[in-house]
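J.: For reference, the structure I am asking about is given below.
The values are calculated or read from the model by the stated rules, or taken from the named source; none is laboratory data. Not measured: the values here are computed from a predicted model. Reconstructed Cβ throughout: ideal geometry from the backbone, glycine too, with neighbour counts over all protein chains shown. Areas reflect the complete protein model, heavy atoms only, side chains present, ligands, DNA and RNA absent. Shrake-Rupley method; radii C 1.70, N 1.55, O 1.52, S 1.80 Å.
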Amino acid sequence: AELPRYAPVASRLGWLLNLRDLVPGMARASERLTGLSARRSLPVWRRDPFLPRARPASPVAAADPTPTALAAFLAGGGAEPQREVVLWADTFNNYFESDNLRAARRVLESAGYQVHLARARGDDAEPDRPLCCGRTHLSVGSLDRARAEARRTLAALAPYVERGVAVVGLEPSCLLTMRDEFLALGLGEAAEALARQAFLFEEFLAREHDAGRLRLRLQALGQSRALVHGHCHQKAFDAVSPILKVLKWIPGLAVELVDSGCCGMAGSFGYDTRHYEVSMKMAELALLPAVRAADANTLVVTDGTSCRQQIADGAGREARHVALILAQALAD
């Protein structure tokens, strides 16, 4: 539950914490201390987390959100409206897979958006501590702590939400907390406004594409097939189809969805020594056999941090976030 609080310090000690999976016997010894299965590899702490090194938002060249707006601009009707988006850097991608956030920012900027980063307000009690959606506290039933984190987030995002700027996130369990639990926590109109403007990365791209506002040039990759696993939160919110849609924009890429239930990891559930066997049995129902059957030229894609870890542990394959795939396919 306290991961978002200790992560800034832990990332600076990553070289030490990562030894758990490198030094023989350390995983077994730590299992007795932490209850985390020695048969699991733990997420690797990155030496280059995203937020501490991310440059501030910078204006982008005027884009053409609609043919009408472009015609008015060329006719001397004034500057085109600036297209903006807020990128939500969740704890997991920020500290364990920062390349995903860099890729998402690159794609959004290539599409002509000014990308703001969600940071705590200056009047926040802990302005230097990264924002948190409260997901980790919710997972252990600590509702008061989750509500406090949600209020910090609402306060920080309020200036953007009031202007109608979309909030985009990469980790389904975190971003969709803003559309579900923030409302259940009784946080009022501010939470309702944010819920209407909170989108998964691929949801936002699909929405902009359907509205004729997306300018994104993609080229073919070396791979011709993508195997996609849907995160449980995506399935619960009927949000799997956007990831299939945006991957199909890549020329020559055949996209296939694995007909699977939960990957079995479910946040920290699958790391627990007591749950390891059940976790692996869930994964073996459909997901892991499908991944093992895929040839080496097939991309394995899933948005969930824990899903990617399960695939790595159970099938020895690297699964990637859709943001990385789209960034790789950028034509520019």
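J.: Restricting to region 185-194, give me the number of residues that are surrounded by fewer than 19 Cβ atoms within 10 Å (Cβ to Cβ), at negative phi and part of a helix (DSSP H, G or I).
T.: Total satisfying the criteria: 4.
J.: Anything in region 82-91 that is farther than 19 Å from residue 8 by Cα and either open to solvent by 10 Å² or more (accessible area, probe 1.4 Å) or part of a helix (DSSP H, G or I) (or both)? List them, or say none.
T.: Scanning region 82-91 gives 82, 83, 84.
Listed here are the residues, each with its yes/no results for (1) open to solvent by less than 10 Å² (accessible area, probe 1.4 Å); (2) of a type in the set (Asp, Glu); (3) assigned to a helix (DSSP H, G or I).
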site: 155; (1), (2), (3): no, no, yes
site: 160; (1), (2), (3): no, no, yes
site: 177; (1), (2), (3): yes, no, no
site: 183; (1), (2), (3): no, no, yes
site: 209; (1), (2), (3): no, no, yes
site: 213; (1), (2), (3): no, no, no
site: 220; (1), (2), (3): no, no, no
site: 226; (1), (2), (3): yes, no, no
site: 233; (1), (2), (3): no, no, yes
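J.: Something else: Would you tally the residues in region 103-116 being closer than 24 Å to residue 152 by Cα and open to solvent by 20 Å² or more (accessible area, probe 1.4 Å)?
T.: Adding up the residues that qualify gives 2.
J.: Taking residue 140, is it aliphatic (A, V, I, L, M), touching a residue at least 40 places away in the same chain (Cβ under 8 Å), surrounded by fewer than 15 Cβ atoms within 10 Å (Cβ to Cβ) and not in a helix (DSSP H, G or I)?
T.: yes
J.: Would you mind stating whether residue 264 is under 19 Å from residue 317 (Cβ atoms), touching a Lys or Arg at 6+ places or on another chain (Cβ under 8 Å) and open to solvent by less than 40 Å² (accessible area, probe 1.4 Å)?
T.: yes
J.: Just the residues that are farther than 16 Å from residue 325 by Cα and open to solvent by less than 50 Å² (accessible area, probe 1.4 Å), please, taken from region 241-261.
T.: Of everything in region 241-261, those that are farther than 16 Å from residue 325 by Cα and open to solvent by less than 50 Å² (accessible area, probe 1.4 Å) turn out to be 258, 260, 261.
J.: Could you tell me which of the residues 52, 59 is open to solvent by 40 Å² or more (accessible area, probe 1.4 Å), in contact with a strand residue (DSSP E or B) (Cβ under 7 Å, 6 or more places away or on another chain) and modelled with pLDDT under 95?
T.: 59
J.: Say we look at region 92-124 and pick out the residues that are among the aromatic types (Phe, Trp, Tyr) and not in a helix (DSSP H, G or I); which of these is nearest to residue 201 (Cα to Cα)?
T.: So the first thing to find is which residues in region 92-124 are among the aromatic types (Phe, Trp, Tyr), and the list is 92, 95-96, 113.
Pick out the ones that are also not in a helix (DSSP H, G or I) and you get 96, 113.
Numbers: 96: 18, 113: 13 Å.
Checking each candidate, the answer is 113.
J.: Next question. Only one of 256, 318, 277, 284 is within 22 Å of residue 173 (Cβ to Cβ) and at pLDDT 95 or above; which?
T.: Just one listed residue meets the conditions, 318.
J.: Being open to solvent by 50 Å² or more (accessible area, probe 1.4 Å), closer than 20 Å to residue 227 by Cα and in contact with a helix residue (DSSP H, G or I) (Cβ under 9 Å, 6 or more places away or on another chain) is the filter here; which residues of region 267-286 pass it?
T.: If the condition is that a residue be open to solvent by 50 Å² or more (accessible area, probe 1.4 Å), closer than 20 Å to residue 227 by Cα and in contact with a helix residue (DSSP H, G or I) (Cβ under 9 Å, 6 or more places away or on another chain), then 282, 284 are the ones that fit.
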